[in-house]
1. Say a label goes 7 Å from Cα toward Cβ at A:Asp39 in every copy; what distances in nm does this one have to the rest, shortest first?
2. Shortest first, in nm, what separates the label point of B:Lys182 from those of the same position in the other copies (7 Å along Cα→Cβ)?
3. Set the Förster distance to 25 Å, then compute FRET efficiency between A:Asn10 and A:Asp104 from the Cβ-Cβ distance, nearest 0.05.
4. Per residue of B:214-226, count partner chain C-beta atoms within 10 Å of its C-beta, then hand back the mean as an integer.
5. Just to confirm the number: angle between the C-alpha axis of helix B:139-149 and the first principal axis of chain B, 0 to 90 degrees, nearest 10?
6. Determine, for each peptide in A:192-204, A:51-63, A:176-188, the mean count of other beta carbons within 10 angstrom over its residues, then list the peptides with the highest first.
7. For segment A:74-189, what size does the Cα cloud have along each of its three principal axes, sorted from largest down, in whole Å?
8. Please give me the summed charge of the neighbours of B:Asn157: other residues whose Cβ is under 11 Å from its Cβ, Lys and Arg +1, Asp and Glu -1.
Protein chains: 2
Amino acid sequence: MKIDIVGKGNVGIHLYKAFHGKADVQSVDSRSLKNLRHDSDLYIICVSDTAIREVASKLCSLINRNSVIAHTSGTTPLSVFEGLDVNAGVFYPLQTFSKSRELDYTEIPVFIEAGNQTAVKTLTDAALVMGCKVKHIDSEQRKHLHIGSILACNFVNHLWTLSDNYLKAHNLDFESLLPLIKETYSKISEINPSDAQTGPAVRNDEKTLRSHLDMLKEDGNLSEIYRILSDSIKNTHNIGKP
Amino acid sequence: MKIDIVGKGNVGIHLYKAFHGKADVQSVDSRSLKNLRHDSDLYIICVSDTAIREVASKLCSLINRNSVIAHTSGTTPLSVFEGLDVNAGVFYPLQTFSKSRELDYTEIPVFIEAGNQTAVKTLTDAALVMGCKVKHIDSEQRKHLHIGSILACNFVNHLWTLSDNYLKAHNLDFESLLPLIKETYSKISEINPSDAQTGPAVRNDEKTLRSHLDMLKEDGNLSEIYRILSDSIKNTHNIGKP
């Protein structure tokens, strides 16, 4: 399989590594398109959401008619390719990519959407070559999935940042929490996160909640987050309702 | 070492298991105090915060003067034992305990506070017998640590619950996110969570943020959480400021 990865950001670099040794893959600069091959089976566009359309348009005039073009964005619909005469699709690997870390690709699900059967087949083959699990969803569901991942990962990482900053400000170290965080994560790979909920809010421990809000009152942002998430825990678990 | 664990809730059961085979440990019902030994080295009170004082008072009249009494609460200060003629302390293992899961105790830090040297020594010995790391903090710091752990674990688990519920409502499964969540966790054991932040807020991707808020507008709770945490990410990372 012949694949050109267009774009050399985090996602582009990781996808290049993921295909390296498993397919005839090369990495292409998304602005110059220098070295772009005209006869690859698949062009994976790894650029910012706003640049996808422009890069796709350029590619169309340079490549074979039976090639497939795909973007990797969680937010951008398949319709970004509308009006372009091309086999188009979305190749969305649900993983967070940072340059310094190696990943186990066999665990990563790739969510595929395609405009025609040629694109379905090529994108499925590519995901399998990469060693990933293949899932099929449409643009609307992919948006929902993206929101779900922001809640479960981006916001989670931010809470860890807030915790880190709060502990540092009180001469405590966040590293002490790592075993607890690890166990919190391990639990939800076995049981439903709802069933794993612990803490003062789900215990309806008003005394502790009030005492913590009092300790946080100097920090408007942190006390608002503490209050809203505690209220949300109570609502979700029907705590404190008559 | 002779230890009575007073209270048979999650924490009590886990501590009993943790000491089993390493110390002469027994589990005692916190109401009846049936089987309580009068000559143990240490009594660890594992009851709700509001019941600690009462159980401690009862114990005082039943045990040897050189024994040590400790509670395991993150929120309750050492002063809960004030006025009782006893070697008192706090034995706070920073871990989440659920009945069904086994734990690796060598990773768990135990935070100790003590009213006198006898209590310091006995509690330190107990933590070491259990195989844990020993840390010393006072009641004020323990409260901060507790708040840090609520942010990093209780609230994080709740975001996973919200994500699970949201995905289920859109016929998607939360299990697809587990590799992404695992990687999100793995990153912060290597780099600072602040440096690991990804997502639309830290990219200042207003278009995606607005589109997501629009998709969430039917759900008042979720859209408020989305907005507040996105704003907090921007504030923390100085995004979008002139």
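The values are calculated or read from the model by the stated rules, or taken from the named source; none is laboratory data. No experiment lies behind these values; they were computed from the predicted model shown. Every residue, glycine among them, receives a Cβ derived from its backbone with ideal geometry; neighbour counts consider all protein chains shown. The accessibility values were calculated without ligands, DNA or RNA, using every heavy atom of the protein model including side chains. Shrake-Rupley method; radii C 1.70, N 1.55, O 1.52, S 1.80 Å.
1. Values, ascending and in nm: 9.2.
2. Result, one decimal in nm: 1.5.
3. On the way: r = 17 Å, r/R0 = 0.68.
Working from the Cβ atoms, E equals 0.90.
4. Working: counts 0, 5, 1, 0, 0, 0, 0, 5, 3, 0, 4, 7, 4.
For peptide B:214-226, the averaged partner shielding equals 2.
5. The answer is roughly 40 degrees.
6. Details: A:192-204: 18.4, A:51-63: 16.5, A:176-188: 20.5.
Per-residue Cβ counts within 10 Å, averaged per peptide and sorted highest first, yield A:176-188, A:192-204, A:51-63.
7. 60, 27, 26
8. On the way: positive: A:Lys187; negative: A:Glu183, A:Asp195, B:Asp164.
Neighbourhood net charge equals -2.
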